[in-house]
Each structure stands twice: as C-alpha cells, then as structure tokens.
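Here's a structure for you.
Since every read-out is calculated from the coordinates, none of them should be taken as a lab result. Since the structure is predicted, the reported quantities are computational estimates derived from the model, not experimental observations. Here Cβ is always computed from backbone atoms with ideal geometry, including for glycine, and neighbour counts include all displayed protein chains.
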Amino acid sequence: MKKRWKFAAGIAAILVAVPAAAYVAVVRPNYPPVPVLQAAAPRNQSEADRQDLELLRKLPEVDRSFSDGARERFDLRIEGLLAEVAAAGPAGMDRARFETAITCAVALAGNGHTTVRGVAMGRSLNTLPLRLVWFDDGLYVVSARKALADLLGARVTALGGRTPEDLADAVRPCIGGNDVRARLLSVSLLSSPAALHALGLLPAADAATLAFDLPDGRRIERRIEADPQPAIRAEGEVRWPASDLLPTALPADDGSWRHVLSGADALPLYLQHADRAYWQDTPAPDTLFVELRQIRDMPDDSLEAFLDRVLAEAAERKPKTVIVDLRANTGGDYMLTAAFTRRLPDVLAPDARIRVLTGPDTFSAAISTLARLKHFGGDRVEIVGRPVGDFTVFWGEGGRLTLPHSGLSIRYATAFHDWGRGCGLAQVGSCFWLNYLYGVAGGELSPTVTVPFTFADYRAGRDPDLEAVAAED
C-alpha cells in the first residue's frame, strides 16, 4: 500500500505542474463521441422502438463500466428486445414494458452510476399514492394522500400477493450497484404498478392489492389505484428515499398529503431544516454536528464557504467530537469538500474524535468525502450507522445518452474511482484524473459501529446513530 501511494504521490506532483488540459490531451484516452441516431424518420412505433434499441446497443462504446462479459450479455439482451419489438407489430412494445426492459438492460453494467433516468428513480410511469421507505424491520408507509391517511405507519406485508422482500429481490437485476443501493431504490419500482406489471410481477398495471400490519395491531388488505403521474415531475427536482423521511411536502405534491411525523413535537437533528442542503448545530457543549445532505452549492450560500465557517468554529471551540452526517447524501462534486476533509483533523485537538454517519443513501461524492475524512483523520475517525450505497470502486463522471423517440435518458460513466485503495499506475488511462491529486486510499469504509434503523425509532423521533456516538464518547 505504501509503495502504491508513493507512486500516486509522484503522479500527483507531476500533475500539479501540468495544466489539466494537457493531462487530458496526453493521458486520457480518446473517448468515442456520444452515439447519435442516423436513420430515416420511423414510419410507425415499432420502427421507432427498433431505432432506439439500435442506438442503445452502442451504450458500451461510451460507458466504460461494462466488463467484456457484461457487454456480451447486454448485446444479447438488445437482440432479444429487438425480436420482441418485431413480434409486437407496428404498434411496438407496451410503453411500460419498453422502459422497464431498457432499465434492466442498462443495469447489466453493474455500475451504480450507469442508470436510466426513469421509473427506477420515480420519474416515469404511474405510482401508488403512498410513500414507502425501507427500514431494517421492513417496508413502511411514511406518507400518504389524505384519503389513505389511516395507513400511515403501517408495515407492508404483501404487494400483489408477494412479500416486499421477495419483490425487491425480483427487481434486483434492474438496478446497478451494490445490494444496499438496490434495496434502497427498489421502492420506486415497487411503488409503480405499471412497472411491476411490465416485469410480470403484478396482474394489473393501474392498481395493486396490498396487505398491511397497522400500528394498532390490525391486519388489513386493500386494493389501491395508482396515480397516473410519476412521483417526480419537475426536471430539477431531487427525490431520494431519504427525502421521504422528511415531514415536508415535495414540489410535485398535488392535493393533500399526510406524513407520519406531521405535527411531531420535536424532530431529531437529521430531520430538521428540510430546506437546507447543509447546516450545523451544537447538540452538546463539546460536540459539533455537521449535516451534509448534498455536495452542491445552495443558492444563498456556497458549500465551501459554509465548511470554512465550520472549520473556523471547530478551531476556536475545540470540540471533543465532530459529527459529520452523510446519511442522506447522494453526492455531487467532492472537490467542494476536499479542503474541509483535509483540514478538519488539523484544527481539532489531538484527542478529538470525528464520527461520520453513513447509510444506504451515502453515494458517489459522499463516499469520496467519507474516504478522505477517514484517510486524513486516521484512527480518530469512526464510521457509525449502516453501509454506504455503492462499492468503494465504481465508475462515475460521464454524460447522458438520450434515445430520441422514447425520450429515455441514460446516464453513462467514463471515469474510474477507487476510494478503498486509490488509483495506481495501471489505472492512469481510466482513473478520474483529479483523483491523482485529491484521491486517497480510504481503506475499508464499512461502519465500525453498525446501528440498526428501525421504524419504531424513527416514529418515536429517536436517532440511534447519535445515541451510539454519545455512548462511545
């Protein structure tokens, strides 16, 4: 490991003196341009579907996360879909079937950043008028339209006659990345009768029969019709499963919704300030709490300026414990936290501890931030909570390939990241070039203190992770 990082340090020293443009021109391989459709206007839906699939077949030309085996499986899947389109006749495939099939095909890359911006993210097809969240003890209703408010706090025990766990396993091949992320994002597919029907997991596309264990102990079954619109409609709106834990309305909400925590007397720190991407608090005189929900600038305050203020306060107060909460953080630009992660250990007292809270929503640049905190903090850093939502090795950056007729947008990845061991000589042509300047060997990023996340704790307004930190300190 030391030899590897001596090499990386040498590369970094060279790159500091070389303009980024020169590095990109010399070291970065010449990526092929994003494929474009070159075909006559389709005469019918079947021809439009075929053209979209022929363009999609070229995805591995720009997405570098596909292994050779994954490329072969992807090409075979496209061949199968082309045959299905031909058999469907001029009308083409069912729209939900077409989208879910493409979603599952793209997931063959096995990469969490290689995704279809659609039903697996709650951005297309229909959706049940409920918001469901996975806890360690099951799938629960945390929000619902007013007419279904009696289901708040209920545990879903069956959907279409199958357990949620069984359905989550069934849709697993349609979600790239690690198992933690797949379970997290399965909620979007489980919440869409159209998607489950297209996957052969539900008899109807417009409704589903669910079984519930209610908070009062009763067990009921109810057929619920889906909203025809997806959960997310605005282009710029961000909604991840962690967003549903917040008892606030979403921008796309129409009509009256109720939340299981509506009217709560007090909320734990991680559920406060729902309108902020980052903020800080002092839960105890010797503790500094820093919430980072996104690694992006807010309109009224840059993230780097905010973190500079955090560092200044930490340097002045010398807290015994600094808690950095990344549990709801799906990423962004890790360069915005680079200075903070390097400087934080230096401004604290030598015996101060850094506790980093993680969970399934911790993804992409949040993992980079975690790795840097651990690298620079060393033994003073402890990871508390649940495993992160991706591997420490993944492909990121990249762009989007849009299928012209269906409008489906596929995120592709071009740059390699290794936040466990770091980038070495073998990855010079593939590793994200900034990682040779700012990347680190974070080592094992699993929680050193694993804390269950149960619905009972959530409903009671408790934060077991913070309680675990207090117990450790």
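Lysine pairs in the chain 8 or more apart or on different chains: how many have alpha carbons under 22 angstrom apart? Intermediate results must be reported in sequence, preceding the final value.
Details: Lys2/Lys374; Lys3/Lys374; Lys6/Lys374; Lys318/Lys374; Lys320/Lys374.
Close lysine pairs found across the chain: 5.
Once Rh is set to the Kirkwood radius over Cα pairs, what Stokes-Einstein translational diffusion coefficient, in µm²/s, holds for the range 276-407 at a temperature of 10 °C and a viscosity of 1.306 mPa s? Can you show the working numbers first?
Numbers: Rh = 15.3 Å.
For these conditions, the coefficient is 104 µm²/s.
Summing -39500 (n - 2.57) over the DSSP H runs of n ≥ 4 in the chain and dividing by its residue number, what mean residue ellipticity at 222 nm do you reach, to the nearest 500 deg cm²/dmol? Mind dumping the intermediate values first?
On the way: 15 runs with 157 residues, N = 473.
Mean residue ellipticity at 222 nm (helix-derived): -10000 deg cm²/dmol.
With a 10 Å radius around each residue's Cβ, average the other Cβ atoms per peptide and rank 61-68, 261-268, 41-48, highest first.
Working: 61-68: 18.5, 261-268: 12.0, 41-48: 15.0.
Going from most to least packed, we get 61-68, 41-48, 261-268.
How high is the FRET efficiency between Lys318 and Ala149 when r is their beta carbon distance and R₀ equals 41 Å, given to the nearest 0.05? Intermediate values should be presented prior to the final figure.
Working: r = 48 Å, r/R0 = 1.17.
It comes out at approximately 0.30.
Calculate the FRET efficiency for Ala460 and Asp281 from the Cβ-Cβ distance with a Förster distance of 22 Å, rounded to the nearest 0.05.
Numbers: r = 20 Å, r/R0 = 0.91.
For R0 = 22 Å, the calculated efficiency reads 0.65.
Also, quick follow-up: Please give me the summed charge of the neighbours of Phe135: other residues whose Cβ is under 10 Å from its Cβ, Lys and Arg +1, Asp and Glu -1. Working shown, then result.
Working: positive: Arg155, Arg459; negative: Asp136, Asp137, Asp457.
My count for the surroundings of Phe135 gives -1.
For a label point 7 Å from the Cα of Asn44 along Cα→C-beta, name the residues of the range 380-414 whose backbone N is under 19 Å from it.
Of the residues in the range 380-414, 405-406 have backbone N under 19 Å from the label point off Asn44.
Separation of the range 258-289 and the range 136-186 by C-alpha centroid, Å?
Result: 25 Å between the Cα centres.
Spelling out what I want: for every residue of the range 384-401, take phi, set θ = phi - 60°, compute 6.51 cos²θ - 1.76 cosθ + 1.60 (Karplus), and round to whole Hz; glycine and proline get x.
Result, rounded to whole Hz: 10, x, 10, x, 6, x, 6, 6, 6, 10, 7, 10, x, 6, x, x, 10, 10.
For the chain, list the DSSP H helices whose alpha carbon atoms reach 24 Å or more along the long axis and whose average Kyte-Doolittle value is -0.5 or above? Intermediate results must be reported in sequence, preceding the final value.
On the way: long enough: 68-88 (30 Å, 0.00).
Going by DSSP H runs, the hits are 68-88.
Order 204-217, 407-420 from most to least packed using the mean count of other Cβ atoms within 10 Å. Before the final figure, lay out the partial values.
Numbers: 204-217: 16.3, 407-420: 20.6.
Ranking the peptides 204-217, 407-420 by packing returns 407-420, 204-217.
Quick check for you: which residues of the range 396-421 have the amide N under 17 Å from the point 7 Å beyond the Cα of Met335 toward its beta carbon?
Only 396-399, 414-417 fall inside the zone, counting backbone N under 17 Å.
Ok, one more. Please list 165-178, 361-374 highest first by mean number of surrounding beta-carbon atoms within 10 Å per residue.
Details: 165-178: 19.3, 361-374: 25.9.
Ranked by mean Cβ neighbours within 10 Å, highest first: 361-374, 165-178.
Right, another one. Read through the labelled values (i) 52; (ii) 39; (iii) 44 and report the label of the one computed as percent of Cα pairs over 34 Å apart from the structure.
The calculated read-out lines up with (ii).
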